[in-house]
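Please read the structure below before turning to the comments.
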Amino acid sequence: MQSHDAPPSDLTGVAYGRPAGRHDAFLTEVGPGTPCGEFMRRYWHPVTLSERVTATPARIRILGEDLIVFRDRSGRPGLLHNRCAHRGTDLFYGRVEPEGIRCCYHGWLFSVEGRCLDQPCEKGGGANRERIRQPWYPVQERYGILWAYMGPPERMPLLPRWDILETIEPGLKLHVSHSSLYAGGDDDVEIVPCNWLQEWENVMDPFHIPVLHTTFSGVQFVLEMGVMPEVEWEYTEDGIRYTAYRKLEDGRELDRITAASFPYVRMVPNVQLRHGAAGGVGFVVPVDDTHFRLCFAMKIPEDQNALPRSPNLRPWSKMTEEERQRYPGDWEAQVGQGPITFHNEEHLATSDKGVGMLRRSLRQQIKAVQEGRDPAGVNFDPEKVIIRVEAGNWFRDGG
Ligand code: FES
Ligand SMILES: [Fe+2]
């Protein structure tokens, strides 16, 4: 073995003196008043699953805001700022009644629209109670998901529909979940501890599939994914799409179309490479600047109750840290970039073209909002409410 008891002679490139890491706040930070946060607040957000909206208040953190979700005893869903308008007690400890939620401290009662309906410590239930408004957000339920609009009221668009979710073929059902499985986690883990953009731009990164998911960690999906694809990216009306062309060993030719649309929608075909359109739509919902939660609406076989998973993928929460070193997946790759990656340290290469395009068009949309325009993909026309999903595995011989 070579001896290492002398210092290296070439000291170029040492870590000493490198610039401090910085993230691009314009593209990543989502709190109220931030450029990206204001952009995000022009869309409807999947907040939680409808089945979790009950008479027991639940905490929701989304876009850096702490909210309380509940269903009043008349069945109406409500999403309120968590701090009581009286003196700030957490409405998580409130009691749900037919008309709304009652704060535990002095009993002020708020409707799902934040109107104060009762102040039991005041004479006559509060002569001035109608002056009080608990901050609230408008909500809607669709596909078994509770959606909220958290932006300026006069710019509220229509809640979109996706064509593949509108028709449920025989033998299938619509399944909604907050599983982190497709971010490298699993069904037992909901919140992923890194910035939402690390996950969303990964959707436009087809070249990590043959490496991370096929050779580095063994075959996590299917062997055919190991064929290096020829990729073409293109801008769409509401985001970016790529087509990955592969000629498989058996001679079949596959176009795999994956799409990302604003603000963080992901349309990814099945990883088993079965012919046909993507089975669902996913959302990379920012919890805050350093956490996100995935939400999926996906068609699955009637007799199943979870997202389809590759049998080759090990259950993340059961792996030891040492196993994660040997078989890293998307979680290790993306959370491994840090809470918010340092953009100034990156070296984007030609294979990162999709990532570059995604960031460029995201930046344009954030600027559009700053300049007083509506960002791409928000829609006010009921005729255009259905979004056509083109993502899928398309074999040129028809599968
Ligand atoms: S703090 Fe909520 S009623 Fe007083
Ligand atoms: Fe991946």
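Potential lengthening of the chain between Cys104 and Leu158 amounts to 15.9 nm, from the contour at 0.36 nm per residue minus the alpha-carbon distance. In the chain, Rg over Rh equals 1.02, where Rg is the alpha-carbon radius of gyration and Rh the Kirkwood radius from pairwise Cα distances.
Each Lys and Arg contributes +1 and each Asp and Glu -1, all at the Cβ; summed about the Cα centre of the stretch 131-227, the dipole is approximately 620 debye.
Considering only Asp118, Asp188, Asp303, give the residue with the highest GNM mean-square fluctuation for the chain, with springs between Cα atoms whenever their separation is below 10 Å. Evaluated over the chain, the most mobile residue of the options is Asp303.
By the Stokes-Einstein formula, at 1.306 mPa s and 10 °C, the stretch 92-226 with its Kirkwood radius over alpha-carbon pairs has D equal to 79 µm²/s. Cross-link partners among lysines for Lys367, C-alpha distance below 23 Å, same-chain residues fewer than 8 apart left out? Leaving aside lysines fewer than 8 places away in the same chain, those within reach of Lys367 are Lys353. Per residue, the average separation of C-alpha pairs within less than 8 Å and at least 6 apart gives the chain a relative contact order of 20 percent. Accessible-area rank, largest first, for Thr350, Thr34: Thr350, Thr34, with all protein chains present and a 1.4 angstrom probe. Here the extension length gained between Ala55 and Val211 equals 51.5 nm, from 0.36 nm per residue of separation less the Cα-Cα distance.
Spin-label pair Thr89-Ala6: with each label point 7 Å from Cα along the Cα-Cβ axis, the two points sit 7.7 nm from one another.
Computed on the stretch 52-140, with alpha-carbon pairs under 8 angstrom and 6+ residues apart, the relative contact order is 23 percent. For the stretch 157-395, the share of alpha carbon pairs falling in successive 10 Å distance bins from zero is 7, 30, 40, 19, 4, 0 percent. Here the dipole of the stretch 157-395 is about 160 debye; that uses its Cα centre as origin and unit charges on the Cβ of Lys and Arg (positive) and Asp and Glu (negative).
For the stretch 149-168, backbone nitrogen atoms closer than 20 Å to the point 7 Å from Asp374 Cα along Cα-to-C-beta are found at 149-163.
Evaluating 6.51 cos²θ - 1.76 cosθ + 1.60 at θ = phi - 60° for every residue in the stretch 313-323, the Karplus couplings come out as 7, 6, x, 4, 6, 9, 7, 7, 4, 5, 5 Hz, glycine and proline recorded as x.
The alpha-carbon positions of the stretch 287-399 define a convex hull whose volume is 251 Å³ per residue. Near the amide H of Phe395, under 5 Å away, which other amide H atoms are found, from residues 5 or more places off or on another chain, if H is placed in the peptide plane? The answer is Asp255, Gly276.
Average projection, convex hull of the Cα set of the stretch 52-140: 5.4 square nanometres. The portion of the accessible surface of the stretch 157-395 made up by carbon and sulfur, rounded to a whole percent, is 51 (1.4 Å probe; DNA, RNA and ligands excluded). The convex hull around the C-alpha trace of the stretch 212-331, projected and averaged over every direction, spans 9.4 square nanometres.
Among 103-111, 85-93, 194-202, 168-176, sorting by the average number of other beta carbon atoms lying within 10 angstrom of each residue, highest first, gives 194-202, 103-111, 85-93, 168-176.
Neighbours of Leu254, meaning other residues whose beta-carbon lies under 13 angstrom from its beta-carbon, give a summed charge of -1 when Lys and Arg score +1 and Asp and Glu score -1. If you model the stretch 1-101 as an ellipsoid using its alpha carbon gyration tensor, with each semi-axis the square root of five times an eigenvalue, the axes come out at 51, 17, 14 Å, biggest first.
Label zone (Leu223, point 7 Å along Cα-to-C-beta; backbone nitrogen cut-off 14 Å) within the stretch 244-276: 248-251.
The values are calculated or read from the model by the stated rules, or taken from the named source; none is laboratory data. These numbers come from a predicted model, not from an experiment. All Cβ positions, even for glycine, are placed from backbone atoms using ideal geometry, and neighbour counts span all protein chains on display. Heads up: the accessible areas ignore ligands, DNA and RNA and are worked out on the full protein's heavy atoms, side chains in. Shrake-Rupley method; radii C 1.70, N 1.55, O 1.52, S 1.80 Å.
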